[in-house]
Amino acid sequence: MSSFQFLRWLMTCLCLCMSAAGRAAPAQICGDEFTPCEQPRPSLRLRSLQIDQASAHGVSWTEADDCSRFRITLAQTHHYLSRAGTITENARHHIVIDSPCIATGRLTLKNGLTARWTIGEAREGELRWNDGRVELLYCSRCTTPPFAPQ
Amino acid sequence: MLHFDDQGMIQDSRVQTARRPMIEHNVMDAIHGIIVHQTGGSTAASALSSYLNKGANGAHLLVDKDGTVYQTASFLRQTWHVGKLRSRCLAEHRCSPKEIKELTRFNPKAENQREAKKVVPDRYPSNTDAIGIELVGRSDAHDLYEPVTAAQNRALAWLVAEIRDTYCIMLSEVFRHPTVSRKTESEASTARWE
């Protein structure tokens, strides 16, 4: 192999590696006036996932809201948790609305950590871990019902 | 009446300048209302610090628990403090049958888009034409905000009166955040400005 051919082979390898790395670490999904920036998060290695309330009143619920329209399933919960990114408290406060209807439940990871989760129909969510951490979530990629259009 | 410099910053000894350009967006052509918020955090320092972060958002004014007023954004610029608008006609019982039908499905995006086509007072003041006032106040794990202090309410009443006088804003166009957008009801529920 000539030095020119070797250099071309090396460049191709480098490009392929960089492209693979790009796929492995999805880029931040950045928002606008009405959607927050989402930071990608590592996928949850779940041991168990359970729903406590498939449909409940959220903090912005009013008598005009019929929460029978939002009833989450285990598959939809799994879908949400695998796609949602983390958002800042600042974005949660200024950009994201509070859903009138929510669902709640619990999960356990393979490493033993547990969390209580809340998911809202406006795509906002929260993980309260038993070690005290709170992760604020938003899922711009959850485009299908029961989630509301963004 | 408030006096401003050519950058839209208030010239008054009662207001400290703490401008955070990161939270300023488009030019604000007109001011039609005031929205009162609570920060969710327990100190002014934490709010002021968070406004320095890339992609941060905030309001035009910040009132500390002791009543100290900071101006954090120019009155010539919009800040993103409101979020998606709620339907005003629904709250005031004057929606058309077509709108009532559209509102039966939860679609905050479409609701906000319909509202954006209206003008105040047919819609609530929004990011495009509202001054935002943040009161420092913590919320707990159940989204319950702590009470607004007496000093904050005195400063808020003064600010609201001055802004209303300067921009000819009706008292009916001053709102708490959860009135105009879907937010937890306790935010600014103890704020008083009359």
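The values are calculated or read from the model by the stated rules, or taken from the named source; none is laboratory data. Here the structure is a predicted model, which means the values were calculated and not measured. Cβ coordinates were reconstructed from backbone atoms using ideal geometry, including for glycine residues, and neighbour counts include every protein chain displayed. Note: areas computed on protein heavy atoms with side chains; ligands, DNA, RNA excluded. Shrake-Rupley method; radii C 1.70, N 1.55, O 1.52, S 1.80 Å.
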What's the number of the condition B:Thr79 fails, among (1) within 28 Å of A:Ala122 (Cβ to Cβ); (2) hydroxyl-bearing (Ser, Thr, Tyr); (3) more than 13 Å from the chain's Cα centre (by Cα)?
(3)
Cβ-Cβ below 6 Å, separation at least six or inter-chain, first residue in region B:68-80 and more than 12 Å from every other protein chain (Cβ to nearest Cβ), second polar (S, T, N, Q) and part of a loop (DSSP other than H, G, I, E, B): which pairs?
B:Ser74/B:Gln7
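Yes/no per residue for (1) touching a residue at least 12 places away in the same chain (Cβ under 8 Å); (2) farther than 18 Å from A:Arg116 by Cα; (3) among the β-branched types (Val, Ile, Thr):
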position: A:Cys30; (1), (2), (3): no, yes, no
position: A:Glu38; (1), (2), (3): yes, yes, no
position: A:Arg41; (1), (2), (3): yes, no, no
position: A:Ser48; (1), (2), (3): yes, no, no
position: A:Ser55; (1), (2), (3): yes, no, no
position: A:Glu63; (1), (2), (3): no, yes, no
position: A:Phe70; (1), (2), (3): yes, yes, no
position: A:Ile87; (1), (2), (3): yes, no, yes
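Within region A:38-49, track down each residue that is open to solvent by 50 Å² or more (accessible area, probe 1.4 Å) and within 17 Å of the chain's Cα centre (by Cα).
A:Gln39, A:Pro40, A:Pro42, A:Ser43, A:Arg45, listed by residue number.
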Matching residues, region B:158-194, being open to solvent by 30 Å² or more (accessible area, probe 1.4 Å), in a helix (DSSP H, G or I) and not aromatic (Phe, Trp, Tyr)
B:Ala161, B:Glu162, B:Arg164, B:Asp165, B:Thr166, B:Leu171, B:Ser172, B:Thr179
Looking only at region B:97-134, filter to residues that are of a type in the set (A, V, I, L, M, F, W, C) and open to solvent by 40 Å² or more (accessible area, probe 1.4 Å); which one of those is farthest from the chain's Cα centre (by Cα)?
B:Ile100
Identity of the residue in region B:71-90, open to solvent by less than 60 Å² (accessible area, probe 1.4 Å) and out of contact with any Lys or Arg (no Cβ under 9 Å at 6 or more places or on another chain), that ends up farthest from A:Glu89 (Cα to Cα):
B:Phe75
In this structure, is B:Ala45 more than 9 Å from every other protein chain (Cβ to nearest Cβ), without any contact (Cβ under 8 Å) to a residue 60 or more places away in the chain and over 20 Å from B:Val120 (Cβ atoms)?
yes
Reported set for region A:50-78 where residues are open to solvent by less than 60 Å² (accessible area, probe 1.4 Å), in contact with a Gly (Cβ under 7 Å, 6 or more places away or on another chain) and part of a strand (DSSP E or B) is A:Ile51
Show me the strands (runs of 3 or more DSSP E) found entirely inside region A:97-141 where at least 2 residues are at pLDDT 95 or above and within 10 Å of the chain's Cα centre (by Cα).
A:124-129, A:134-138
With respect to B:His93, is the statement that it is surrounded by fewer than 20 Cβ atoms within 10 Å (Cβ to Cβ), assigned by TED's automatic domain parsing to the domain that holds B:Ala45 and not in a helix (DSSP H, G or I) true?
no
Mind listing whichever residues of region B:51-64 are open to solvent by 10 Å² or more (accessible area, probe 1.4 Å) and either touching a Leu at 6+ places or on another chain (Cβ under 9 Å) or more than 8 Å from every other protein chain (Cβ to nearest Cβ) (or both)?
B:Leu52, B:Lys54, B:Asp64
Considering only residues that are surrounded by fewer than 17 Cβ atoms within 10 Å (Cβ to Cβ), closer than 23 Å to B:Val174 by Cα and of a type in the set (Val, Ile, Thr), which ones fall in region B:18-50?
B:Val27
